[in-house]
Amino acid sequence: MINVTETAASKITELLAEEQKDGSGLRVFVQGGGCSGFQYGLMIDEGGGMGDQIFESHGVKLFVDPISVRYLGGAEVDFVDTVTGGGFTIKNPQAVSTCGCGSSFSV
């Protein structure tokens, strides 16, 4: 299961409305790269793909491919707003180490 915080859900809903993609969701994925071996990816997705698992949290749909779901079980998507800017973060209990920027991890 992958969850979305209320703050992130609100921001995702806002972004989908701006893009006029109501009813779409957020694709959450893992790909090779980054300084720790894997990195996270997020993008708007209109309907998911073959074999995707679909999670719903706080009214937001998340689409996760079969490979990424193995690395993201129990993860939480959040949105953090700081004085230097805002952005989505992923809190992943399976990550044994992360890089300084928090966008890559190892398992």
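The values are calculated or read from the model by the stated rules, or taken from the named source; none is laboratory data. Owing to the predicted nature of the structure, the values given are computational and were not obtained by experimental measurement. Heads up, the Cβs are rebuilt from the backbone with ideal geometry, glycines too, and the neighbour counts pull from every protein chain shown.
Laid out as a table, the results:
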item	result
Strands (runs of 3 or more DSSP E) contained in region 54-97 and holding at least 3 residues under 16 Å from Gly25 (Cα atoms)	60-64, 76-82
Top-ranked residue of region 63-76 - restricted to ones that are aliphatic (A, V, I, L, M) and more than 11 Å from Ile90 (Cβ to Cβ), ranked as surrounded by the fewest Cβ atoms within 10 Å (Cβ to Cβ)	Ile67
Flag if Val107 is in contact with a helix residue (DSSP H, G or I) (Cβ under 8 Å, 6 or more places away or on another chain) and at pLDDT 95 or above	no
Scope region 53-102; condition more than 21 Å from Gly33 (Cβ to Cβ), in contact with a Phe, Trp or Tyr (Cβ under 9 Å, 6 or more places away or on another chain) and either modelled with pLDDT under 90 or not aliphatic (A, V, I, L, M) (or both); matching residues	Gln53, Phe55, Lys61, Asp78, Phe79, Gly86
Residue that is surrounded by the fewest Cβ atoms within 10 Å (Cβ to Cβ), among those in region 35-53 that are touching a Pro at 6+ places or on another chain (Cβ under 9 Å) and in a loop (DSSP other than H, G, I, E, B)	Gly51
Subset tally (residues that are among the basic types (Lys, Arg) and in a helix (DSSP H, G or I)) for region 1-29	1
